[in-house]
Each structure stands twice: as C-alpha cells, then as structure tokens.
Amino acid sequence: MAEAPADAEAFYSGALDRIRWYMIVVALLTTMVALLRFGPRPALGVALGCAIAYLNFHWLKRVVTAMTETIASTGKTQSGKGIVFRFLLRYLLMGLAAYVILSVSPASLYGLFVGLFLPVAGIACEAGYEVYVAVARGL
C-alpha cells in the first residue's frame, strides 16, 4: 500500500529535527563511552569535537536556509564572498580548537576527531530509520 503524498511530505520534513536529536544522543553516548574506556581527557576531546560538529551543522543549516529564503523572495543570489567567508570561518574555528586541544593534551585530539564525525553518525541514524519506516510500511 503506497503512502499518501501528504504523509510522506510530513515524514520527510521532520528529517532535520530527527538528525539533530540523533546527534545529541550519539554525542552523549560517545562521550560516556570515551570517559569510561579512555578517561577524562579523551572524553573531553570527544565532547568538544561533538560540540564543534553540532555547532557547524547548525550554522550550515542557518546559512542554507537564509540563502534559499533570500533567493526565493528576491530572486537574487547572495555575494559569493560572504558565503566563502562564513565557510572558511567555520573551518578556522575548528582548526583553532584542534590546536588548543593539541597544545593542552595530545590524547584529546583523537577524541576531537571522533567527535567531528557526529553529523555523519546522525545522518546514518536517520537513513536507518527511514529504511525501517519504508520496510514497515511496505514501500
């Protein structure tokens, strides 16, 4: 039985919110596992990496939403310089955090790198959930 288009639209429109929740859950779980398995410094690196990744995901979402709303309402594209500047600023902040963590505790750097993969884990959880829903509904 095929799903009604309105139901499918409602389901898929909630994907971004579900990804955010998956990211929060994965961040808490990985930080706790790192704390129990490797100690406080790597766990701090994981927590900082997760925080940076979540913030980067949030900023990216805001930029894309603002840009599409501007283009849709005015029909004009935004300056490429502003987009590139914000893009580079995010990565500059991540690099600065990695440098500070490496200076304080090299062991925490591995945790930081693990935490930076948080959006990948959130998106993978959402993909798994969408496959589950599709199979459960017989799509």
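The values are calculated or read from the model by the stated rules, or taken from the named source; none is laboratory data. Quick caveat: nothing in here was measured; it's all calculated off a predicted structure. Positions of Cβ are backbone-derived with ideal geometry, glycine not excepted, and every protein chain shown enters the neighbour counts. Just the protein is used for accessible areas: all its heavy atoms, side chains included, with ligands, DNA and RNA removed. Shrake-Rupley method; radii C 1.70, N 1.55, O 1.52, S 1.80 Å.
Assorted remarks:
- Any chance Ile52 is crowded, with 18+ Cβ neighbours inside 10 Å and farther than 23 Å from Val25 by Cα: no
- Hey, Met67 open to solvent by 90 Å² or more (accessible area, probe 1.4 Å) and of a type outside the set (D, E, K, R) or not: no
- Check on Arg41, in contact (Cβ under 8 Å) with a residue 24 or more places away in the chain, open to solvent by less than 70 Å² (accessible area, probe 1.4 Å) and among the charged types (D, E, K, R): no
- Pairs are defined by a Cβ separation below 9 Å, a sequence spacing of at least 6 or placement on different chains, a first member in the stretch 100-112 that is open to solvent by 80 Å² or more (accessible area, probe 1.4 Å) and at pLDDT below 80, and a second member that is among the basic types (Lys, Arg) and not in a helix (DSSP H, G or I); no pair meets this definition.
- Odd one out for Thr74 among (1) closer than 29 Å to Leu109 by Cα; (2) open to solvent by 80 Å² or more (accessible area, probe 1.4 Å): (1)
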